[in-house]
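The block underneath contains the structure these notes are about, expressed in structure tokens.
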Amino acid sequence: MKAQVETPYTGSHELCANEFERGRSYVNWRPKGTRDWLLIYTAEGAGCLTTTSAKGPTRPGEVVLYAPGEKQDYKTDPDAGRWHLLWAHFTAKPSWKPWLHWPVGSHGVKSLRLEKGEVQDGFVAAMRRTVHAFRHRRPDFAANAMEEALLWIHVSASRGVGTHADARVRRAMNYLVANLRQPFQLESLARHCGLSVSRLAHLFKAETGVSPQRFFEEQRMWHAGQLLRVTGLGIAEIADEVGYGDPFYFSNRFRRYAGKSPTAFREEKKAA
């Protein structure tokens, strides 16, 4: 039996990223892992991952993560014969570490499957920008793009806004977020999504746990909170920005949402 040869890795960069396709001969084996994190995304084909307790393939749409010091044993899946992957070795910034608590897959390695649509597209685009910036020796741009890629994964893992499987619900959510200054009209929203009012209401509640109108107001209030935190706009200006012509009514709605008036909310954030 042919002895395994350890794959060399210097680890001289805070971030190193690439994209390529490999055939059956592609093998990586690092029994002591590396000092940094390793993320691998399968775009096409398949890889085969091995740990001391399990062995299995990684399929298109799946992203896996090796922690520092964790044994790395992976290769092109022989049944697939090819593996198109995007990968990055990176040193995690302190702010990134909460995003790296992933579940362990059937192959014994931390992994997540990204849903097709906005999340997967956003992640892949961010990874390709990471690769592009690294190749062009722009480390700050590469780090920013890598952070965005990790954020997309975190959104997927936490099932946040925009990760829902039904494309019509995503379309409704995107429309509402883009039109916070407009009055809420369920009939117009349903037409935009190509659904009846009753069907949209049912799907939206099933996917998000709230009604379209409740989601819309929560997005308005969240946006208002950000404007209170990071701008000097007056309360009336912020009310208008999120679709409330009456500042007094806006203040009442915001108090109901945040538990305090817009002015008190702003002062609290200044003191924090």
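The values are calculated or read from the model by the stated rules, or taken from the named source; none is laboratory data. Being a predicted model, the structure only gives us computed values, none of them experimental. For neighbour counting, all protein chains shown are included, and Cβ atoms are generated from backbone atoms with ideal geometry for every residue, glycine included. Heads up: the accessible areas ignore ligands, DNA and RNA and are worked out on the full protein's heavy atoms, side chains in. Shrake-Rupley method; radii C 1.70, N 1.55, O 1.52, S 1.80 Å.
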>> Step by step: first the residues of the range 103-160, then only those that are polar (S, T, N, Q) and without any contact (Cβ under 8 Å) to a residue 40 or more places away in the chain, then the one that is least open to solvent (accessible area, probe 1.4 Å). Which residue is that?
In response: SER158
>> For the range 220-243, give me each residue that is surrounded by 18 or more Cβ atoms within 10 Å (Cβ to Cβ), in contact (Cβ under 8 Å) with a residue 40 or more places away in the chain and not β-branched (Val, Ile, Thr).
In response: ARG220, GLY225, LEU228, GLY243
> Taking the stated definitions as given, is THR231 β-branched (Val, Ile, Thr) and either closer than 24 Å to ALA178 by Cβ or touching a helix residue (DSSP H, G or I) at 6+ places or on another chain (Cβ under 6 Å) (or both)?
Replying inline: yes
>> Condition check: open to solvent by less than 50 Å² (accessible area, probe 1.4 Å) and within 28 Å of the chain's Cα centre (by Cα). Does ALA258 satisfy that?
In response: yes
> What single numbered condition from (1) at pLDDT 95 or above; (2) touching a Gly at 6+ places or on another chain (Cβ under 7 Å); (3) acidic (Asp, Glu) fails to hold for GLU44?
Replying inline: (2)
>> Looking at PHE204, PHE250, PHE215, can you tell me which residue is open to solvent by less than 30 Å² (accessible area, probe 1.4 Å) and modelled with pLDDT of 95 or more?
In response: PHE250
>> Based on this model, can you work out whether GLY23 counts as at pLDDT 95 or above and farther than 22 Å from ALA142 by Cβ?
In response: yes
> Restricting the search to the range 233-250, which residues are among the aliphatic types (A, V, I, L, M) and farther than 14 Å from ARG266 by Cβ?
Replying inline: VAL242
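Matching residues to (1) in contact with a strand residue (DSSP E or B) (Cβ under 7 Å, 6 or more places away or on another chain); (2) at pLDDT 95 or above; (3) open to solvent by 80 Å² or more (accessible area, probe 1.4 Å); (4) among the β-branched types (Val, Ile, Thr):
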position: LYS2; (1), (2), (3), (4): no, no, yes, no
position: PRO8; (1), (2), (3), (4): no, no, yes, no
position: LEU15; (1), (2), (3), (4): yes, no, no, no
position: PRO31; (1), (2), (3), (4): no, no, no, no
position: LEU39; (1), (2), (3), (4): yes, yes, no, no
position: SER53; (1), (2), (3), (4): no, no, yes, no
position: VAL63; (1), (2), (3), (4): yes, yes, no, yes
position: THR76; (1), (2), (3), (4): yes, yes, no, yes
> Looking at the range 1-117, what strands (runs of 3 or more DSSP E) fall wholly within it and have at least 2 residues that are within 25 Å of ARG135 (Cα to Cα)?
Replying inline: 15-22, 27-30, 37-45, 62-66, 72-76, 83-90
